[in-house]
1. Would you confirm whether any residue within the stretch 197-207 is charged (D, E, K, R), more than 24 Å from Leu76 (Cβ to Cβ) and open to solvent by less than 40 Å² (accessible area, probe 1.4 Å)?
2. Could you please give the count of residues in the stretch 208-245 that are farther than 15 Å from Gly145 by Cα and not polar (S, T, N, Q)?
3. Pick from Val214, Val153: which is over 26 Å from Leu42 (Cα atoms), in a helix (DSSP H, G or I), touching a Gly at 6+ places or on another chain (Cβ under 9 Å) and aliphatic (A, V, I, L, M)?
4. Is it the case, given these coordinates, that Ala101 is at pLDDT 85 or above, open to solvent by less than 50 Å² (accessible area, probe 1.4 Å) and closer than 18 Å to Leu270 by Cα?
5. Can you say whether His220 is open to solvent by 70 Å² or more (accessible area, probe 1.4 Å), assigned to a helix (DSSP H, G or I) and at pLDDT 85 or above, as far as the supplied structure shows?
6. I'm checking my understanding of the structure. Among residues of the stretch 55-80 that are within 12 Å of Ala20 (Cα to Cα) and buried (at least 19 other Cβ atoms within 10 Å of the Cβ), which one is farthest from the chain's Cα centre (by Cα)?
7. Name the residue, out of Arg34, Arg41, that is charged (D, E, K, R) and farther than 20 Å from Phe133 by Cβ.
Amino acid sequence: MATDGILYLGVDGGGTGCRARLVDTAGAVLGEGRAGAANIRLGLDVSWGQILRATDQALDEAGLNRTALARIHAGLGLAGITGPVDSSRVAGASPGFASVAAETDAHTACLGTGSAGYAIVDGKSHPIGGWGFEISDDGSGAQLGREAVRAAVRAYDGLGPSSNFTLAIMARLGGHPPDVVAWVNGAKPGDYGSMAPLTIDFARRGDPVALDLVHLAAGHVRNFVRRLTALGARHVALMGGLGPALEPWFDGETRAVLAPAEGDAMDGALLLARRRAA
């Protein structure tokens, strides 16, 4: 399966996981791989370490090893990139690829999770949100999970409504607020995001607290869609796992402009790699 020619690698590196796809010049997929979170805010060494773990798996499927890096043009869509300085820092730390083009994961998703909106209208890019878990990422799995944890603690203290959902969240985190605090001390956005599927599950069962949180998250997605259409986007595709899960709670206005994605974030990253190589 191995080839001696130029190769392209597309990487989708989010806050919860990293995926890599290796293709030849004809676009045939030679191998794919997965690894952990590659958000550059975790550190460039951590980010590149996960990228290389996923790359090694893709290379192994292709019957190759890291000696092939010198002929691989890589396109990276990474969470945590906020501008050209970040992109240059990432490319500058390359472990030996033929070339590296790095952009925010929202950019490559648009060409092809935090949350972000991204539109390319008449050749101009319009990034919306995506400024990180602490101040942004509305409508993401991490934010939904954090709201679930907050609701569980409020219910425990009698400051908010209690339900089977809040009891389940509290039990999952140890049963008492000190247990939750201990968990929070080491929690990353991906850990909060792990609470999102449970929230969706309880909302589907009609739990009132879970429903309120899911409606709030759906509203954040609606705001992204409204802003993107105001910028000139005619259709909006939802990328990542949470968007489709929230779809039953979208209003008619949001549904009217949604369209299936023409590719995934790795396809966008591969296009980025090809453009840089050219």
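The values are calculated or read from the model by the stated rules, or taken from the named source; none is laboratory data. Keep in mind it's a predicted model, so treat the numbers as computed, not measured. Backbone-built Cβ (ideal geometry, glycine too); neighbour counts: all protein chains shown. SASA here: full protein model, heavy atoms, side chains in, ligands and nucleic acids out. Shrake-Rupley method; radii C 1.70, N 1.55, O 1.52, S 1.80 Å.
1. yes
2. Total meeting the criteria: 21.
3. Val153 is the lone residue from the list that is over 26 Å from Leu42 (Cα atoms), in a helix (DSSP H, G or I), touching a Gly at 6+ places or on another chain (Cβ under 9 Å) and aliphatic (A, V, I, L, M).
4. Considered against the rule, which asks whether it is at pLDDT 85 or above, open to solvent by less than 50 Å² (accessible area, probe 1.4 Å) and closer than 18 Å to Leu270 by Cα, Ala101 comes out as yes.
5. No.
6. The extreme case among them is Leu59.
7. Arg34
Residue-wise test of (1) assigned to a strand (DSSP E or B); (2) open to solvent by 40 Å² or more (accessible area, probe 1.4 Å); (3) closer than 16 Å to Glu103 by Cα.
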{"residue": "Val23", "(1), (2), (3)": "yes, no, no"}
{"residue": "Ser47", "(1), (2), (3)": "no, no, yes"}
{"residue": "Arg53", "(1), (2), (3)": "no, yes, no"}
{"residue": "Thr82", "(1), (2), (3)": "no, yes, yes"}
{"residue": "Val85", "(1), (2), (3)": "no, yes, yes"}
